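Novice: Before I ask anything, here is the structure I am working with.
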Amino acid sequence: MERTEWLKQMRDKAEKLYDLYASRYWVDIGLYRPDEPTLEYLQKFLERIQLHSNLLSAGCGTGRWDGVLLEAGHSVVGIDQSAGMLARARERFPEARYEKIAMQDMDFREEFDGAICIEALEHVFPEDWPVIMNGFSRALKPGGLLYFNADLGGGREKDAYERAKAQGLPVVFGEVADQVEALFAQAVESGGKMKAVDEMVYHYCPSVEQVRDWIEQAEMVIDMEKTRKEGEIYLVGYFLTRKVQ
């Protein structure tokens with residue numbers, strides 16, 4: 001299969017899957033406790049943002065983090081490619097503004113004092129990472145802050161890559177997608193009742209060095225950075241960045 005078409009299929013499946021599971025998010029899927037670095041860096045982001053700022057919540061899903069931003073006194077614009085997830089966000093946070101926009105299609109111009117993107121960039125293709133980083137840079141006012149985290153791999157990507165190549169999939173190293181086709185079909189057949197697992201949707205795990213390069217190319221600088229090992233096969237990166245004046 002040609003890679004461009006395969007990536008389109010992966011993106012379409014992710015959108016359909018999140019639409020399918022949206023009604024369950026606030027019931028069971030989104031009730032897990034976030035890890036400490038996620039909360040730590042979100043707090044550091046809020047400490048550096050001026051009162052009553054205009055903030056972008058990218059890949060917001062059902063708005064899990066938007067309540068924290070709103071409670072801190074900020075206005076929030078949330079974007080996501082899943083209409084189902086956005087419907088849940090509007091129900092829960094009617095005071096925020098939500099738009100169906102994929103991160104790859106952002107076209108804001110110096111509109112925001114800050115932006116967050118939590119647990120969303122792991123579903124972004126390597127081809128789209130620089131597009132999205134540049135989109136964040138354009139969306140921020142000079143000196144604006146961006147906090148995001150990223151799945152940096154940690155071990156599972158090597159086996160996933162080898163399995164996907166054996167299946168004839170047009171993957172590059174770092175992509176974890178070898179089970180998406182089968183699990184997506186099972187999830188649809190179950191009507192969304194099947195337990196949601198990470199392997200249902202495409203993941204990409206860049207190296208920390210590659211993430212730093214993309215940040216620099218987008219004319220942003222890193223104010224704070226941390227990596228955390230989770231179990232034997234997960235490495236998560238946390239980045240607090242700032243648009244160059």
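Novice: I'd like to know if segment 181-193 contains one or more residues that are part of a strand (DSSP E or B) and of a type in the set (A, V, I, L, M).
Specialist: no
Novice: Could you please give the count of residues in segment 54-81 that are within 12 Å of the chain's Cα centre (by Cα), among the small types (Gly, Ala, Ser) and in a strand (DSSP E or B)?
Specialist: Matching residues across segment 54-81 total 2.
Novice: Report yes if Ala185 is loosely packed, with under 15 Cβ neighbours inside 10 Å and either more than 25 Å from Tyr18 (Cα to Cα) or at pLDDT below 95 (or both), otherwise no.
Specialist: So Ala185 does not fit the description; no.
Novice: Identify the single condition in (1) more than 16 Å from Asp66 (Cα to Cα); (2) part of a helix (DSSP H, G or I); (3) β-branched (Val, Ile, Thr) that Thr38 does not satisfy, given that it satisfies every other one.
Specialist: Condition (1) is where Thr38 drops out.
Novice: Say we look at segment 22-64 and pick out the residues that are modelled with pLDDT under 95 and of a type in the set (Phe, Trp, Tyr); which of these is surrounded by the fewest Cβ atoms within 10 Å (Cβ to Cβ)?
Specialist: This residue is Tyr32.
Novice: Would you pick out the residues in segment 100-158 that are of a type in the set (Asp, Glu), out of contact with any Leu (no Cβ under 8 Å at 6 or more places or on another chain) and over 17 Å from Lys243 (Cα atoms)?
Specialist: Asp105, Glu119, Glu122, Asp128, Glu157, listed by residue number.
Novice: Against the definition (in a helix (DSSP H, G or I) and either among the hydrophobic types (A, V, I, L, M, F, W, C) or at pLDDT 95 or above (or both)), how does Asn149 come out, yes or no?
Specialist: Against the criterion (in a helix (DSSP H, G or I) and either among the hydrophobic types (A, V, I, L, M, F, W, C) or at pLDDT 95 or above (or both)), Asn149 does not qualify.
Novice: Continuing with the same structure: Cβ-Cβ below 9 Å, separation at least six or inter-chain, first residue in segment 20-45 and closer than 20 Å to Glu91 by Cβ and free of Cβ contacts under 8 Å to residues at least 60 places away in the same chain, second of a type in the set (A, V, I, L, M) and buried (at least 16 other Cβ atoms within 10 Å of the Cβ): which pairs?
Specialist: Taking only residues 6 or more apart or on different chains, the pairs are Asp28/Ala196.
Novice: Taking the conditions exactly as written (touching a Lys or Arg at 6+ places or on another chain (Cβ under 9 Å) and either farther than 19 Å from Lys8 by Cβ or not hydroxyl-bearing (Ser, Thr, Tyr) (or both)), does Val171 satisfy them or not?
Specialist: yes
Novice: Separate question: On the given criteria, is Ile222 within 30 Å of Glu36 (Cβ to Cβ), surrounded by fewer than 21 Cβ atoms within 10 Å (Cβ to Cβ), among the hydrophobic types (A, V, I, L, M, F, W, C) and modelled with pLDDT under 95?
Specialist: no
Novice: Report, by residue number, each residue of segment 164-178 that is outside any loop (DSSP other than H, G, I, E, B) and surrounded by 15 or more Cβ atoms within 10 Å (Cβ to Cβ).
Specialist: Across segment 164-178, the qualifying residues are Ala164, Glu175, Val176.
Novice: When segment 82-104 is examined, which residues are found to be within 15 Å of Tyr25 (Cβ to Cβ) and either in a loop (DSSP other than H, G, I, E, B) or touching a residue at least 60 places away in the same chain (Cβ under 8 Å) (or both)?
Specialist: Listed by number, the residues that qualify are Ser82, Ala83, Gly84, Met85, Ala87, Arg88, Arg92, Phe93.
Novice: Take Glu122 and tell me if it is touching a residue at least 12 places away in the same chain (Cβ under 8 Å), touching a His at 6+ places or on another chain (Cβ under 6 Å) and closer than 28 Å to Trp26 by Cα.
Specialist: Yes; evaluated as a whole, the condition is true for this residue.
Novice: Residues in segment 109-127 that are of a type in the set (Phe, Trp, Tyr) and either in a loop (DSSP other than H, G, I, E, B) or surrounded by fewer than 19 Cβ atoms within 10 Å (Cβ to Cβ) (or both): how many?
Specialist: 1
Novice: Six or more apart or on different chains, Cβ under 6 Å: which pairs go from a residue in segment 53-68 that's touching a residue at least 12 places away in the same chain (Cβ under 8 Å) to one that's of a type in the set (Lys, Arg)? Could you list them?
Specialist: As it stands, the answer is Thr62/Arg88; Gly63/Arg92, since those pairs meet every condition given.
The values are calculated or read from the model by the stated rules, or taken from the named source; none is laboratory data. If you're wondering where the values come from, they're calculated on a predicted model, not measured in any experiment. Positions of Cβ are backbone-derived with ideal geometry, glycine not excepted, and every protein chain shown enters the neighbour counts.
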